[in-house]
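The values are calculated or read from the model by the stated rules, or taken from the named source; none is laboratory data. Owing to the predicted nature of the structure, the values given are computational and were not obtained by experimental measurement. All Cβ positions, even for glycine, are placed from backbone atoms using ideal geometry, and neighbour counts span all protein chains on display. These accessible areas exclude ligands, DNA and RNA; they are computed on the full protein's heavy atoms, side chains included. Shrake-Rupley method; radii C 1.70, N 1.55, O 1.52, S 1.80 Å.
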Amino acid sequence: EVQLVESGGGLVQPGGSLRLSCAVSGSGYTGKLGWFETMGWFRQAPGKEREGVASIYIRGGRISYAESVKGRFTISQDNAKNTLYLQMNTLKPEDTAMYYCAAADRLVPPNSLLRSDEYKFWGQGTQVTVSS
């Protein structure tokens, strides 16, 4: 069974930074980052729908960001650590949400990279609150 475990959330002031981590674990090869083809970060604020923030082809070739985070957030991976990251800079109050790591065992089509229904595996989420 594959598990995705997010960490790194917290309370930060506007303009601050946080780095979220998503650790992949499980039995055998399925517990490795490289077993997935596509991974991403999503977020959901109270009363709002879940939205895609950033996604990446694990074997390279494509990264996608939501317009609202372009230039501020960076998605990256460390295959040796089986971990996906989301570096978030210049945080705004509207970035406040529960952030989820998601993964797919196939290449999600480029025009669907930020669609939550394209991802089969999900973590439990980590809360990010941006407030003064």
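A few remarks follow.
- A Cβ-based charge dipole, computed about the Cα centre of the range 18-132 with Lys and Arg at +1 and Asp and Glu at -1, lands at about 200 debye.
- Accessible carbon and sulfur surface of the chain relative to its total accessible area, %, 1.4 Å: 47
- Couplings 3J(HN,Hα) of the range 80-90, computed from phi: 5, 9, 6, 9, 9, 10, 9, 7, 10, 10, 6 Hz, in residue order, whole Hz [Karplus 6.51 cos²θ - 1.76 cosθ + 1.60, θ = phi - 60°; x for Gly and Pro].
- Spatial separation of Cα centroids for the range 56-132 and the range 1-16, in angstrom: 11
- In terms of overall dimensions, the range 3-66 has a Cα radius of gyration and Dmax of 14.0, 41 angstrom.
- Dimensionless Rg over Rh [the range 56-100; C-alpha; Kirkwood]: 0.99
- Longest segment of the chain lacking GluC sites (Glu not before Pro) that sit in a DSSP loop with at most 13 other Cβ atoms within 10 Å: 68-132
- Near the amide H of G125, within less than 5 Å, lie the amide hydrogens of E6, C101, all on another chain or at least 5 residues away, with H placed in the peptide plane.
- The orientation-averaged projection of the convex hull spanning the C-alpha atoms of the range 68-132 amounts to 5.5 square nanometres.
- Averaged per residue, the chain has 50 square angstrom of accessible surface, using a 1.4 angstrom probe with ligands and nucleic acids left out.
- Sum of side-chain charges, T38 neighbourhood, beta-carbon under 15 Å (Lys, Arg +1; Asp, Glu -1): +2
- In sequence order, calculated HN-Hα J values of the range 94-111 (Karplus, 6.51, -1.76, 1.60; Hz; x Gly/Pro): 6, 7, 4, 4, 7, 9, 10, 8, 9, 9, 10, 8, 8, 7, 5, x, x, 7
- Candidate lysines for bridging to K120, where Cα separation is under 27 Å - those fewer than 8 sequence places away on the same chain excluded: K32, K48, K70, K81
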